[in-house]
Amino acid sequence: MHSMLGAKFLLLLPLFAITGECCMRGYEEERAKLRQYLGIEWVPDGLDAFNTNQPKPVRHAEDLNCDFSDPAKCKWQNVKRLDSLDFYLFSKEDHTDFPIVQVHPGPSKVPVGDKLLFVGDKKKEEMSAILSSYPIKCQNTTGRLTF
């Protein structure tokens, strides 16, 4: 039996400095720039259930698939204490294309209504954000993880 581990989501890592810890309340200016230039809007508290679930080992590779339409069902979490930033849930609100050179990995055209994860900061020092899947039990066959 071929096993495929997959997480179907768009992960955006900005290379420009407009995002800051934009997703927290009080960062309206940064969120307005994200809306203007990328056509995305922060989903307030969008990953709260996602980050508070108790991770349990997944039984099937497809258990890791997630389009973030219902984050509470996703088997992924922001890693605590090993990184300096968190991912936040956003929704594509208009047909603005993403600038290919500045926003990647992922496609430059995202359908309106799609959910995506976004991370960024205004600080000049190196920062990191780590997203971790629930534990994956030992497999007897080949597995594949796609993004």
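The values are calculated or read from the model by the stated rules, or taken from the named source; none is laboratory data. Here the structure is a predicted model, which means the values were calculated and not measured. Note that each Cβ is placed from the backbone with ideal geometry, even for glycine, and that neighbours are counted across all protein chains shown.
Say we look at segment 46-64 and pick out the residues that are within 13 Å of the chain's Cα centre (by Cα) and not in a helix (DSSP H, G or I); which of these is farthest from MET127 (Cα to Cα)? Only one residue fits best here, namely GLY46. Here LYS92 meets each of (1) at pLDDT below 90; (2) farther than 30 Å from PRO135 by Cβ; (3) not polar (S, T, N, Q) with one exception, condition (1).
From the list PHE118, PHE68, PHE50, the lone residue that is surrounded by 14 or more Cβ atoms within 10 Å (Cβ to Cβ) and within 17 Å of ARG31 (Cα to Cα) is PHE118.
The set of residues in segment 78-93 that are part of a loop (DSSP other than H, G, I, E, B) and surrounded by 12 or more Cβ atoms within 10 Å (Cβ to Cβ) comprises VAL79, ASP83, SER84, LEU85, ASP86, PHE87, GLU93.
State yes or no: is GLU41 modelled with pLDDT of 75 or more and in contact with a Ser or Thr (Cβ under 7 Å, 6 or more places away or on another chain)? Spelling it out, GLU41 is indeed modelled with pLDDT of 75 or more and in contact with a Ser or Thr (Cβ under 7 Å, 6 or more places away or on another chain). Of the residues making up segment 65-77, those that are without any contact (Cβ under 8 Å) to a residue 12 or more places away in the chain and either of a type in the set (A, V, I, L, M) or not in a loop (DSSP other than H, G, I, E, B) (or both) number 1.
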